[in-house]
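The values are calculated or read from the model by the stated rules, or taken from the named source; none is laboratory data. Everything numeric here is computed off the predicted structure, so don't read it as measured data. Heads up, the Cβs are rebuilt from the backbone with ideal geometry, glycines too, and the neighbour counts pull from every protein chain shown. These accessible areas exclude ligands, DNA and RNA; they are computed on the full protein's heavy atoms, side chains included. Shrake-Rupley method; radii C 1.70, N 1.55, O 1.52, S 1.80 Å.
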Amino acid sequence: MKTCISLYSYQKLVKAGKLTHFEAIDKTKEFGMDGVELQINTELVPEGKKASEYIKELHAYAKSIGLEVPILTINSNIYR
C-alpha cells in the first residue's frame with residue numbers, strides 16, 4: 001500500500017495565504033508520503049493562470065521531488 005495526502009488537507013492554509021500549493025506538496029514529501037492528490041479548488045488558482053496549466057505545473061513539481069500523483073480532483077457541484 002502507498003500513502004498519499006490530498007492538497008484539500010491544506011486548503012485552509014492556502015486560502016489564508018500561509019502556504020502555497022507548492023509548499024503543501026513539499027510538506028507532503030516531508031511527511032514521508034508516496035504521493036499527493038492534486039485536489040484543486042479553482043478559486044485558489046493564481047490570478048492570470050488557467051486551472052489546466054496550473055495543475056500541470058503542480059504535477060510536474062510533485063514528480064520532480066519524487067511524489068506520485070495518483071489522482072486529480074477539481075472542485076465541482078453537480079447539483080447546481
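Among the numbered conditions (1) modelled with pLDDT of 90 or more; (2) loosely packed, with under 13 Cβ neighbours inside 10 Å, the only one that Thr42 does not meet is (1).
Please go through the stretch 40-52 and give me each residue that is outside any loop (DSSP other than H, G, I, E, B) and either under 14 Å from Leu72 (Cα atoms) or touching a Ser or Thr at 6+ places or on another chain (Cβ under 9 Å) (or both), ordered by number. Across the stretch 40-52, the qualifying residues are Ile40, Thr42, Ala51, Ser52. Considering (1) closer than 17 Å to Val69 by Cα; (2) modelled with pLDDT under 95; (3) not polar (S, T, N, Q), the lone condition that Glu47 does not fulfil carries the number (1).
Out of the residues in the stretch 56-70 that are without any contact (Cβ under 8 Å) to a residue 60 or more places away in the chain and charged (D, E, K, R), state the one that is least open to solvent (accessible area, probe 1.4 Å). Applying the filter and picking the extreme gives Glu57. Once the stretch 1-39 is narrowed to residues that are in a helix (DSSP H, G or I) and of a type in the set (Lys, Arg), the residue that is most open to solvent (accessible area, probe 1.4 Å) is Lys12.
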